[in-house]
Structure formats: structure tokens, C-alpha cells
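Everything below concerns the one structure shown next.
The values are calculated or read from the model by the stated rules, or taken from the named source; none is laboratory data. These numbers come from a predicted model, not from an experiment. So basically every Cβ, Gly included, is an ideal-geometry build from the backbone, and we count neighbours across all protein chains shown.
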Amino acid sequence: MLNFSSTRLFSTAMTVSNKIRHLISISDLTTNEFKSLVNRAEYHKQIIKTGKKPDVWPLQGELVAMLFTKRSTRTRISTEGAAAYFGGQPMFLGKEDIQLGVNESFYDTTKVISSMTSCIFARVNSHSDIQELCEHSSVPIINSLCDRYHPLQAICDLLTIKENFSDLKGLKLAWIGDSNNVINDLAIAAMKFGINVSIATPNGIEIEQHVIDAAKKVTQETGATLELTHDAKKAATNANILVTDTFVSMGQESETAKKLKQFEGFQINSDLVSLADKDYKFMHCLPRHKEEVSDDVFYSANSIVFPEAENRLYAAIATIEAFVVNKGQFL
């Protein structure tokens, strides 16, 4: 049996800070903290792949709340798995399960849930919901998706990239698609590892200013660059990593026809990938739709979407370790 303490899988003697640390976005982390999360995710994956199981569970007898107002596959499975890995009991709280939004406020709900749990994984609609949770919670809030950020996906994605490239500095990551929560965190995450990022969005769709401002700070630290364009071919040229996501995010269903019209010419297909590096990798956070990427690319040998999805588990494990087990301290 693997003994956690002997392998320093997590720290057993951390100094507890009075200030609770929440995970809201990748920009809130220093470069070293973010790299630590990715490295710890990689470490835990290696341990799990050996088939060894822990004999100590630091969250045994504790509840891990999952406050989800949006449906989920990968986030729900990975969060429940990560909680169980540390001996915790995951508690799924969907919008049909509790009083939130019916006859109870976010404030009241947050005070109640945080009084009974060790942390709250929150998958919500608005960024303001995450901010309100953080303001009133007595336990760490882990942003599991809001309309502005998706940090768990970024941790997972950098682990996936790290597994597929021996040297990350100087690589080119091309995002071809919408301006959304995924790229808001992924751009900063990639740049923290020295990866140059090129983002191609249709005319009329722009990257938010707060992402550009955060990217400028990372450029000063790592030298990585951020390029913004409305030309998908320009972004794809010589790219080592091609990434896209849904063109119609949850909550935008009424705009489907308009959005799909905007994204004509932005499908990642054989013509577009022919401009990329011959050893390019394709990534997508899933679920995918055929207007985003053609089958011949999605199911090709260059596609790493399913290992990427699996890595959501290890990203969640590393996050619980840092923010819950180790009280906001990074190994």
C-alpha cells in the first residue's frame, strides 16, 4: 500500500493561514503556483497509473460540495473522483436539488453550505456568482466554470500539452473559435509556460480586455506572446497545438443561427491543419460539434482530446490538494 506521508503526496504539517484561498482564475496564481498545480496533477496521475492506493485519507469524514447550476459530464465525474481520492464524500447539489434561486439567496445558500463542508466546487452561470460565493464562504471556493473563467480546464490542458511536448517554451498554440471562458484561462496558462498564443476569432468577436491586460504581465515574466487576429489561417500557420471549443455556449442557444453564421470558415479541418506543424496536436474540452472540427481531424492520430478529458481528474486532484488539503499552500 502506498503511504501518502512517506511519498509527500500531500503535506501533513502545513501552517494554516487565516485567509482562505479560492481558485477563481489562472491569473490569480503566480507562475510558480500554476506550474506546481500542473506538476502535482502529473505526479498524482503517475501514482494512480501504478495501481497503488493510499492508506491515509486527509478528507475522510468531510463533505465536498458541488454546487452546479449548469449541466456537466467531465467536471462532475472528475470532481467526485478527486474528492473520493482524498477520502472525502462528494455531495452533488444541482439546481433542482436545493432552494437556491427558488426561495433562497446566494448569500444564505453560501453561508449554509460552507458551514457543513470542506470546500465548494461551483459551476455557475455568472462570474458575479463566483465572486459572491467567495465573499461569503467560510471554505475554499473552486471555480468549476463560470461565464468568464474555467481554471480547471486550463490546468488539465497544460498537463496534456506537457505530456506531449518535451519542451514547451516557444511552442505556438492556436485558438480558433469564440472568445469565451476557456480561452480566457488557457491563454494565460499557456503563456505562463512560455507558449506563444495566437487567437483567431470572427470579425465582431473580440478577446476581453482583462485577458489582454493579464497577458501583458505574463509576457514581461516569461517572454511568451499573445497575438489576436480574425484570420483562422494566420493563427493555424506553424501552430504546434490547435484548440477550439463550442461556438454556441450554454445559455446562448437562442443565438445559434446567428453564431454559426459568424463562425463560417472557422472549422478546424484538413485544409486548416495542413498549415500547422506536421506534428501538431488537436485539443478540445468537449463536448464537440461537427461545425467546430471535422471528423478526420477530431479522430486523427494528432488528436489528444480523450487523454485531455481524462486529465480533468488529475487537475481536480491537484486542486483539492493545494486549496483544501494544504489550505492554499503549494508544494
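Of the residues that make up the range 176-188, is at least one acidic (Asp, Glu) and under 19 Å from residue 212 (Cα atoms)? The answer is yes; a qualifying residue exists.
Could you say which residue among 327, 261, 281 is basic (Lys, Arg), exposed (fewer than 14 other Cβ atoms within 10 Å of the Cβ) and either on the phi < 0 side of the Ramachandran plot or not assigned by the TED database to the domain that holds residue 190 (or both)? I'd like the intermediate steps shown before the answer.
On the way: 327 fails: exposed (fewer than 14 other Cβ atoms within 10 Å of the Cβ); 281 fails: exposed (fewer than 14 other Cβ atoms within 10 Å of the Cβ).
After applying the criteria, what remains is 261.
State whether one or more residues within the range 157-164 are under 21 Å from the mean Cα position of the chain (by Cα), over 23 Å from residue 237 (Cβ atoms) and surrounded by fewer than 16 Cβ atoms within 10 Å (Cβ to Cβ). Taking every residue of the range 157-164 in turn, at least one turns out to be under 21 Å from the mean Cα position of the chain (by Cα), over 23 Å from residue 237 (Cβ atoms) and surrounded by fewer than 16 Cβ atoms within 10 Å (Cβ to Cβ).
Against the definition (within 23 Å of residue 152 (Cα to Cα), aliphatic (A, V, I, L, M) and without any contact (Cβ under 8 Å) to a residue 60 or more places away in the chain), how does residue 199 come out, yes or no?
yes
Scanning the range 304-316 for residues that are touching a residue at least 24 places away in the same chain (Cβ under 8 Å), surrounded by fewer than 24 Cβ atoms within 10 Å (Cβ to Cβ) and assigned to a helix (DSSP H, G or I) yields 307, 309, 313.
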